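Accompanying notes for the structure given below.
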Amino acid sequence: MREGKTLGSLVVAIRRRHDWTLKQMSEVVGIPLSTLGKVESDKLSLSYDKIQKVAQRLGMSMADFFSQSDEAERSAKPVTARRSLMDAGNSVRIETQNYRYDYLCSDLTRKRMVPIISEIKARTLEQFGEQVSHPGEEFIYVLEGAIQVHLEFYAPTVIRQGKGIYIDSQMRHAYVLHECDRAVVLAVCAGDDPDLEKTLVGLAEADRASI
């Protein structure tokens with residue numbers, strides 16, 4: 001059991017997950033009500049054998065049993081109530097040689113995912129130039145037209161309207177037009193960097209400056 005996690009907190013987490021009263025849980029696990037109450041309040045512990053029997057009655061492995069406090073801790077995280085509407089006045093546009101980016105919901109900072117509408121401009125990989133890479137992962141969904149996706153470790157793939165692709169953004173990659181004059185995609189980028197949008201915008205601005 002991890003430091004700071006008690007048997008009582010494990011029992012409380014399981015009981016709350018099932019929406020049981022203390023009496024109901026007592027009947028399920030076969031432990032007297034008064035004893036279970038003392039266990040919950042950390043005034044009494046149980047032997048390993050008794051904990052094992054409790055887990056069996058709950059239909060759980062010991063590993064599942066001991067992970068319950070972590071689950072409860074995760075579910076107890078506060079709701080941030082963050083909200084942002086996508087409209088013309090709430091985006092940042094950056095145009096580079098290969099893409100026109102519209103970074104959406106720009107009023108929110110430190111987003112966990114970065115939504116972007118991108119218009120693809122390059123017609124060939126030769127015209128695109130050196131492929132790019134950046135931290136995180138991304139999902140690309142084609143809204144209009146068709147694109148050819150070039151990835152560092154894969155053969156080129158064509159993605160048409162209504163289809164998408166999920167990639168590791170750390171691979172060098174490029175998106176170019178495929179048999180059309182215009183293609184627009186929705187890109188959603190995510191990663192561990194809390195300032196990922198700032199990083200992406202910085203890369204786009206550097207690319208724009210090189211035109």
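The values are calculated or read from the model by the stated rules, or taken from the named source; none is laboratory data. Quick caveat, the model's predicted, so the values are computed rather than measured. Positions of Cβ are backbone-derived with ideal geometry, glycine not excepted, and every protein chain shown enters the neighbour counts.
A few points about this structure:
- Filter pass, Gly202 being in the same structural domain as Glu95 (by TED's automatic domain parsing) and within 20 Å of Asp102 (Cα to Cα): yes
- Test: Arg182 is in the same structural domain as Glu119 (by TED's automatic domain parsing), surrounded by fewer than 18 Cβ atoms within 10 Å (Cβ to Cβ), closer than 22 Å to Ser91 by Cβ and modelled with pLDDT of 95 or more: yes
- Exclusive hit being of a type in the set (A, V, I, L, M, F, W, C), closer than 22 Å to Tyr103 by Cβ, in contact with a helix residue (DSSP H, G or I) (Cβ under 6 Å, 6 or more places away or on another chain) and in contact (Cβ under 8 Å) with a residue 12 or more places away in the chain, set Val185, Val176, Val149: Val176
- Residues satisfying the stated conditions in the range 50-64, i.e. in a loop (DSSP other than H, G, I, E, B) and surrounded by 13 or more Cβ atoms within 10 Å (Cβ to Cβ): Leu58, Met60
- Each residue in the range 92-136 was checked for being part of a loop (DSSP other than H, G, I, E, B), hydroxyl-bearing (Ser, Thr, Tyr) and surrounded by 17 or more Cβ atoms within 10 Å (Cβ to Cβ), and 2 of them qualify.
- Within the range 188-211, the set of residues being without any contact (Cβ under 8 Å) to a residue 60 or more places away in the chain and touching a Gly at 6+ places or on another chain (Cβ under 7 Å) comprises Gly191, Asp193.
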